[in-house]
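The values are calculated or read from the model by the stated rules, or taken from the named source; none is laboratory data. In this text, all values refer to a predicted model and were calculated from it rather than measured experimentally. All Cβ positions, even for glycine, are placed from backbone atoms using ideal geometry, and neighbour counts span all protein chains on display. SASA here: full protein model, heavy atoms, side chains in, ligands and nucleic acids out. Shrake-Rupley method; radii C 1.70, N 1.55, O 1.52, S 1.80 Å.
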Amino acid sequence: MNLHEYQGKSILKSYGVAIQEGIVANTPEEAVEAAKKLNADTGTDWWVIKAQIHAGGRGKGGGVKLAKSLDDVKRISDEILGMMLITPQTSAEGKLVSKVLVGQDVYYPGDSEPSEFYMSVLLNRSTGRNMIMYSTEGGMDIETVAEETPHLIFTEEIDPKVGIQGFQARKIAFNLGLSGKAMKEMTKFVFALVKAYEGSDSEMFEINPVLKTSDDLIIAVDAKVSLDGNALFRHKDYAAMRDVTEEDPTEVEASEHELNYVKLDGNVGCMVNGAGLAMATMDIIKLSGGDPANFLDVGGTADAARVEKAFRIIMKDPNVKALLVNIFGGIVRCDRVAQGVIDAYKNIGDIQIPIIVRLQGTNAVEAKELIDASGLKVHSAVQLEDAAKLVSEVLA
């Protein structure tokens, strides 16, 4: 589950991570009041107005601007709120901005120049250990840094038996070119960041930039946080942070019916039971010349009503030119799935795309008989290779 910047920062702060203070606002008037409060609390008389959407690159799209007066705060907030913000991580239509974060100015003058770093904590899937990824090139797209200057990206793995160690935190600070007070502050920052990542059951914490201020403090200026949805039962307060307006409406609808659905960019809809079978089905679609339009796992209790709901969700995607139903009947009976397909076809009505159904396992023979006797325009397959050939034929 993805969070807004202000939500991610609230988690960081609760674990002792130093952050750029800010207050979220829904209107220009609220933004002005937030700016006044930040002035009273922190002394800042410049403010950063940041659009709050689930996407990076907000500054490139005009979603992050500096305000040097309260009039600027109101004007800029009014410009950003309600805009369709387009960034490299949004669709061509962009995302609607419904709230902004009014943040304190942390780039104030002092004894030294501010420095920006990149830092993230995530799972290294090749080793099964958490790791810290960091770079001196903060404020830039880490993908660009990795492509053009890979030697500037460092990683530090965390041994789960002992956790992050002091020498590792000091090594990170050293590789970032820090010394003295800044090194001590970075060491504290690293320990707190890892504690926040582990304590919140997160999939990823990305801070870009981590700022060394002109007086050698280390703070998180941004926060991109992705929580593990499977662990939200342990964090009811975090679960309440979910913003469904930032998610794909079809995926939200699917989750309400306990269907595992992820929209993709292809032209062949997939309805399967089991994640492994879903991956294999998407592979066979690619090999047949198509592209998967979605990942949809109906689970082990695929009765007729559940199958019909899955059909309706897949059909909402106008890019779907064919639908492949691939079910292995272990717990679920294939004849029940077949009946669900028939009912869905009749209830939805006027289905214009070809449907390929491959059912194997419990009552597979009876299921095929039901499909073949239905009189509907449904293609029946026994082997996965047969289903792939049918996909290729209907797309030709």
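Remarks
- Considering each residue of the stretch 157-166 in turn, none proves to be at pLDDT 95 or above, over 19 Å from Met204 (Cα atoms) and surrounded by 20 or more Cβ atoms within 10 Å (Cβ to Cβ).
- Selection over the stretch 34-70 of residues that are part of a helix (DSSP H, G or I) and either touching a residue at least 12 places away in the same chain (Cβ under 8 Å) or farther than 30 Å from Thr90 by Cα (or both) gives a count of 12.
- Output for the stretch 344-356, where each listed residue is surrounded by 16 or more Cβ atoms within 10 Å (Cβ to Cβ) and either assigned to a helix (DSSP H, G or I) or among the aliphatic types (A, V, I, L, M) (or both): Ala344, Tyr345, Ile351, Ile355, Ile356
- Positions within the stretch 44-60 being open to solvent by 50 Å² or more (accessible area, probe 1.4 Å) and not hydrophobic (A, V, I, L, M, F, W, C), in sequence order: Asp45, Lys60
- Looking only at residues in the stretch 250-306 that are assigned to a loop (DSSP other than H, G, I, E, B) and of a type in the set (D, E, K, R), the one that is farthest from Ser91 (Cα to Cα) is Asp303.
- Restricting attention to the stretch 107-138, the residues being closer than 19 Å to Ala196 by Cβ and part of a loop (DSSP other than H, G, I, E, B) number 1.
- Picking from residues in the stretch 229-246 that are under 16 Å from the mean Cα position of the chain (by Cα) and surrounded by 16 or more Cβ atoms within 10 Å (Cβ to Cβ), the one that is modelled with the lowest pLDDT is Glu246.
- Being under 17 Å from the mean Cα position of the chain (by Cα) and without any contact (Cβ under 8 Å) to a residue 12 or more places away in the chain is not true of Ser10.
- Scope the stretch 262-315; condition of a type in the set (S, T, N, Q) and under 15 Å from Ile327 (Cβ atoms); matching residues: Asn273, Thr281, Thr301
- Residues of the stretch 167-191 classified as among the hydroxyl-bearing types (Ser, Thr, Tyr) and open to solvent by 60 Å² or more (accessible area, probe 1.4 Å), total: 1
- Within the stretch 87-130, tally of residues that are more than 30 Å from Met183 (Cβ to Cβ), open to solvent by less than 40 Å² (accessible area, probe 1.4 Å) and not β-branched (Val, Ile, Thr): 2
- Out of Leu323, Leu384, Leu359, one residue alone is of a type outside the set (D, E, K, R), open to solvent by less than 50 Å² (accessible area, probe 1.4 Å) and within 25 Å of Thr250 (Cα to Cα). It is Leu323.
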